[in-house]
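Notes to accompany the following structure.
The values are calculated or read from the model by the stated rules, or taken from the named source; none is laboratory data. What you are looking at is a predicted structure, and each value in this text was computed from that prediction instead of being measured. Cβ: placed from backbone, ideal geometry, glycine included. Neighbour counts: every protein chain shown.
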């Protein structure tokens, strides 16, 4: 509803917040964006390691190997090692395969979980009262589950970014409204089906990762499903890590110095208002874009072997369009880096490798999948999906009192739900840590 306001299209979430609510609101939003992306990359590291552990365990059982190389912390480091390499790809703006791979693999392993739940549903293992535990554990478990649900529907972070890729006419606002209605309804029905089937078949012993609860399922199918999870995590990690890389590198001194030199030559900086080709007869609104065009000169500077290698990595991602995600703290005065002239490879190696190591360490010491997912949703759902969208809608459209009261009520209720879910997630992490032995699994 705020993608196009007074003839101005907002290509990024933080652009809309800054223009409608002001600079400081954009700064606050950026802090939640960074927190969200950081926690998600940690969660994806843990999930990737757990899927590798499942694959290794099944492979060892097939070959009758007792001493199986399936310790979680070792596989976390192995997953992170792959991310160190993938993180050197300059960006994923043109990598259509990332979103396609994520959609296909996530659909595959969810369908596998649903089918297995239905196949084994004859056990009728569920109960009305749920897990037999203390009232405190049950209450905090429910709160953490609310955080998990919030994580699943926290798509507002990329809503405007996806909307910006739509061809107009028809209006991107109309297209996105239809897409959101269909996708959210479909996702709800699908998630609910998986949850019900999983609980009916596994009952109170259902694990955080549902696939772990079917040890008697065909091994080949289980390996394939976990490979799909692994591929999804490998690609999804980069989607959320690349914006953080851009933000860090964008403020480095050498980059800013070269940006000043390039601006003196009359090159457009990132963040300029640009024109894009539209269908004939379409009334073009002003567009605030996060990426204006290449600021890197081509063929004007000597290219070292490292530069050529860097450009080779970049060509891996040049295929077709994909939405671009960034944060409100991204340095938008820096020209684009399509030819890798501005950011040398050694700079990317240091910054990006350091960040991957950071997520690897936290993944090793906090390998609590369900609790980390719940924490991500609990901390960031309200500000990103309720707070800022509601404030922007109110300021732009000035709804009547009844709608205003409904929005206020929903906002307050969801704030308390998010706070309670945060407490539940932290409590589960603390309980899990008490029984956790570092490098023991």
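Of all residues assigned to segment 410-422, at least one qualifies as being over 20 Å from residue 375 (Cβ atoms) and touching a helix residue (DSSP H, G or I) at 6+ places or on another chain (Cβ under 9 Å).
The single residue among 72, 76 that is at pLDDT 90 or above, surrounded by 15 or more Cβ atoms within 10 Å (Cβ to Cβ) and under 26 Å from the mean Cα position of the chain (by Cα) turns out to be 76.
Answer yes or no as to whether residue 407 is crowded, with 16+ Cβ neighbours inside 10 Å, over 24 Å from the mean Cα position of the chain (by Cα) and either in contact (Cβ under 8 Å) with a residue 12 or more places away in the chain or part of a helix (DSSP H, G or I) (or both). When the stated conditions are applied, residue 407 passes them.
Kindly provide the set of residues from segment 192-207 that are in a loop (DSSP other than H, G, I, E, B) and either in contact with a strand residue (DSSP E or B) (Cβ under 6 Å, 6 or more places away or on another chain) or crowded, with 17+ Cβ neighbours inside 10 Å (or both), ordered by number.
We begin by selecting, within segment 192-207, every residue in a loop (DSSP other than H, G, I, E, B); these are 206-207.
Answer for segment 192-207, where residues must be in a loop (DSSP other than H, G, I, E, B) and either in contact with a strand residue (DSSP E or B) (Cβ under 6 Å, 6 or more places away or on another chain) or crowded, with 17+ Cβ neighbours inside 10 Å (or both): just 206.
Here is the figure for segment 1-54: residues that are farther than 30 Å from residue 68 by Cα and either modelled with pLDDT of 90 or more or not in a helix (DSSP H, G or I) (or both) total 13. Checking 360, 420, 425 one by one, the residue that is within 30 Å of residue 68 (Cα to Cα) and either at pLDDT 85 or above or under 18 Å from the mean Cα position of the chain (by Cα) (or both) is 360 and no other.
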